[in-house]
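To start, the structure itself, in structure tokens.
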Amino acid sequence: MTNKLSLARLQQSAHALLASVSAFAITAVLLVSAMSYSTAAQAHQIKAAITTVLFNPRTENIEVMHRFNLHDAEHAVKALFDKHADIMDDIETQQQFADYVAHHFAILNAAGEPLKLADVGFEVEGKHFWVYQETAEPPVLEDIKIRHDALRDLWPKQVNTLNVEGKGDIKTLTFADSVNLLEVSFKSQNSDHH
């Protein structure tokens, strides 16, 4: 009888151990799943915009194209203007956001004087909101400085990446953290072409 009792206790201990291991495994799977979901959610929370500054030789204009994730623009207009703002369907909200972007972006010549950028337009395209600007290219332009702090007043982690095209190799600038003003030089390209 002692052997049967010991065997029964041993079986109960084995079942308890198996239940504990199963509970641990389920907890581990849930924890890994939660971490994966959290990482995916955080990845979606990355705030970023891309801007292209194109020196167009055909038009002799500097064309600026800002691309924002529509999801970010939706949250931004609600925080910046009105909690009921609708960037998808309301032309006034779209204009307000375009004006906001224009106010937070500047191209300056080597002397630090801003180039006068004309607002060309804006549009919702797929998952993006675009803002367009342009200006005539000055006859002499060896250096430019660019300020691009759109949405960085709202979200300090916002990263604005900017590509300068049409003047030699593409130059990429990244506005992140406390970076407010970056410079691009064209001196070496000008001397190579003349």
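Data overview
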| read-out | value |
| --- | --- |
| Selection from segment 167-186 of residues that are in a loop (DSSP other than H, G, I, E, B) and either surrounded by fewer than 12 Cβ atoms within 10 Å (Cβ to Cβ) or at pLDDT 95 or above (or both) | D169, I170, A176, D177, S178, N180 |
| Candidate set: segment 73-93, residues that are over 12 Å from F129 (Cβ atoms) and among the aliphatic types (A, V, I, L, M); chosen: the one farthest from the chain's Cα centre (by Cα) | I91 |
| Close pairs from segment 159-174: first more than 16 Å from M65 (Cβ to Cβ) and hydroxyl-bearing (S, T, Y), partner open to solvent by less than 60 Å² (accessible area, probe 1.4 Å) and modelled with pLDDT of 95 or more, Cβ under 9 Å, at least 6 apart | T174/V159; T174/N160; T174/T161; T174/L162; T174/L182 |
| Qualifying positions in segment 116-152 - assigned to a loop (DSSP other than H, G, I, E, B), within 20 Å of T172 (Cα to Cα) and open to solvent by less than 50 Å² (accessible area, probe 1.4 Å) | L141, D149, A150, L151, R152 |
| Pair list, Cβ under 9 Å, 6 or more apart: segment 116-128 residue more than 16 Å from A73 (Cβ to Cβ), other residue in a strand (DSSP E or B) and open to solvent by 50 Å² or more (accessible area, probe 1.4 Å) | K116/A136; L117/E134; A118/E134; D119/Y132; D119/E134; V120/Y132; V120/E134 |
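The values are calculated or read from the model by the stated rules, or taken from the named source; none is laboratory data. Predicted model, so just to flag it, every value in this text is computed and none were measured. Counting neighbours? That spans all protein chains shown, and the Cβs are built from the backbone with ideal geometry, glycine included. For the accessible areas, the whole protein counts, side chains as well, though only heavy atoms, and no ligand, DNA or RNA atoms are used. Shrake-Rupley method; radii C 1.70, N 1.55, O 1.52, S 1.80 Å.
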